[in-house]
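The structure's right below; bear with me while I get my questions together.
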Amino acid sequence: MEWTEKMSQQMSRERKGNNISGKGWTIASLASIPLVMTLGNSMLIPVLPTIEKQLQITSFQSSLLITVYSIVAILLIPIAGYFSDRIGRKKVIIPSLFIAAAGGIISGWASWKMSEPYGMILVGRMLQGIGAAGAFPIVLPLVGDLFKKDSEASSCLGTIETANTFGKVASPIVGSVLAGIIWFLLFFAFPLFCAISIVMMIFFVKSPTKMEQPPPFREFLRNVKAIFYREGRWLYAVFFIGGAFMFVLFGELFFLSSMLEDDYGIDGLKKGWILAIPLGALCVASFITGKKIGKNKRLMKWLIVIGGVIAAATIAFAFMFRQLWWMIALFFVSGVGIGIVLPCLDALITEGIEKKERGTVTSFYSSMRFIGVAAGPPVAALLMKQATNTMFYGFAGLCVLSSIITLMAIKPEKEGREIG
């Protein structure tokens, strides 16, 4: 009997260990998607000045390579979210990764073979945007499907957000290394990254055996309308603030990338490492903030205010101190401010909306962040040549406005779930 009992306990421990290992691969597979999508967009940032020279285009035209990707994603994210509810998450995510990979191949082939490839590169970037709409935003509700315990879901979401932020840190370095070999190699590298995620999703992520039947389309629209009628004040604030800070972040990165190459002759891997400095600050600040805030919505509110003030002050000082290392140091602190804000916004959405409604709300929030990503580089490109002062003051003013909106619109209650 003792031997049988020991064997039973041993087998139980082995099953538990295998289950943990399986969950680890599942989480890694899910986290690979935001990492790949972030690399696919952000690793272009340090290479844009090189692309301008190779294609003989303007800064505004090169910034559109970021913008068209984001605009397409903005339009399609809610549609992808709706279809993922009806046909299943994996059935949307995996084809989306194939579409994104095809976009990278088209952009790379055009750069390699065509004498005037700019138009086809934009087409490839549009396809990548279509793929992005059906990939990363769908991962978030998939986590809720796979992990029923709130603690497991929160841990997985934290890992996914860390992967997303790490992608921003790694992207300028990876982009600079690839462009240092052949300037268009990063377009061909992206399909390889997508292929890794596809294989991991196929083998390590199993679709839930049972999914709730989605409502008819008209009922879906009524539910969305009801959510925004009930929670609109603070939701609109969170959406605006998320878009505003992504606008500032990508505008800053575009400006810094162009300045390093045009004014200081810094390019290649060295420029990639310099761009990684403010992004590294953002990554560390996001990680620490995410660990500390828990479910304290009042703390989230005040950290958004503080982060906005920090970002605003350092951006304004960057205008006054135009020496290279002073500016990098100030952008570093600005990255800390933005890094404090972003996980608080994510957590407010998670804690303030019922689980069954999170997928829809998250899709709109993701769209607003993509709007910021889309608008930042072209606005910076238009202003930095003739009105740099206006650009800095505009970025700082947007951060201050976000802090003011936070104070006015986000009012957590002492008890209960309500935020606004």
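How many of the residues making up the range 80-102 are closer than 25 Å to Phe250 by Cα and either without any contact (Cβ under 8 Å) to a residue 60 or more places away in the chain or not in a helix (DSSP H, G or I) (or both)?
Here the count works out to 2.
Determine if the range 50-57 includes at least one residue that is at pLDDT 90 or above and more than 21 Å from Ile181 (Cβ to Cβ).
Yes: one or more hits.
Now a separate question. Tell me, which residue of the range 117-136 that is crowded, with 24+ Cβ neighbours inside 10 Å and among the small types (Gly, Ala, Ser) is farthest from the chain's Cα centre (by Cα)?
Gly124
Could you identify the single residue in Phe203, Phe247, Phe187 that is loosely packed, with under 15 Cβ neighbours inside 10 Å and among the aromatic types (Phe, Trp, Tyr)? Steps first, please.
On the way: Phe247 fails: loosely packed, with under 15 Cβ neighbours inside 10 Å; Phe187 fails: loosely packed, with under 15 Cβ neighbours inside 10 Å.
The match here is Phe203.
Kindly indicate whether Gly180 is at pLDDT 85 or above, crowded, with 19+ Cβ neighbours inside 10 Å and either of a type in the set (S, T, N, Q) or part of a helix (DSSP H, G or I) (or both).
no
Does the range 45-62 contain any residue that is buried (at least 17 other Cβ atoms within 10 Å of the Cβ) and either assigned by TED's automatic domain parsing to the domain that holds Phe255 or charged (D, E, K, R) (or both)?
The answer is yes; a qualifying residue exists.
Kindly indicate whether Ile293 is more than 18 Å from Leu249 (Cα to Cα) and either free of Cβ contacts under 8 Å to residues at least 12 places away in the same chain or acidic (Asp, Glu) (or both). Before the answer, list the steps.
Working: more than 18 Å from Leu249 (Cα to Cα): yes; either free of Cβ contacts under 8 Å to residues at least 12 places away in the same chain or acidic (Asp, Glu) (or both): no.
Judged against the criteria, Ile293 is not a match.
Would you mention how many residues in the range 369-390 are surrounded by fewer than 22 Cβ atoms within 10 Å (Cβ to Cβ), more than 18 Å from Ser62 (Cα to Cα) and in contact (Cβ under 8 Å) with a residue 40 or more places away in the chain?
The total comes to 2.
Being farther than 25 Å from Ala285 by Cβ, of a type outside the set (Lys, Arg) and either part of a helix (DSSP H, G or I) or modelled with pLDDT of 90 or more (or both) is true for just one of Leu127, Leu157. Which residue is that?
Working: Leu157 fails: farther than 25 Å from Ala285 by Cβ.
Answer to the check: Leu127.
How many residues are closer than 18 Å to Phe240 by Cβ and surrounded by fewer than 23 Cβ atoms within 10 Å (Cβ to Cβ) if we restrict to the range 314-338?
The total comes to 0.
Given the options Ala347, Ala311, name the one that is crowded, with 22+ Cβ neighbours inside 10 Å, modelled with pLDDT of 90 or more and outside any loop (DSSP other than H, G, I, E, B). Break it down into steps so the answer makes sense when it comes.
Details: Ala347 fails: modelled with pLDDT of 90 or more.
Result of the check over Ala347, Ala311: Ala311.
Something else now. Has the range 203-223 got any residue that is in contact with a helix residue (DSSP H, G or I) (Cβ under 8 Å, 6 or more places away or on another chain), within 30 Å of Ala318 (Cβ to Cβ) and modelled with pLDDT of 85 or more?
No - not one qualifying residue is present in the range 203-223.
Give just the number: which of (1) at pLDDT 90 or above; (2) buried (at least 23 other Cβ atoms within 10 Å of the Cβ) does Phe240 not satisfy?
Against the list (1) at pLDDT 90 or above; (2) buried (at least 23 other Cβ atoms within 10 Å of the Cβ), Phe240 comes up short only on (2).
The values are calculated or read from the model by the stated rules, or taken from the named source; none is laboratory data. Here the structure is a predicted model, which means the values were calculated and not measured. Glycine also receives a Cβ, built like all others from the backbone with ideal geometry; neighbour counts cover every protein chain displayed.
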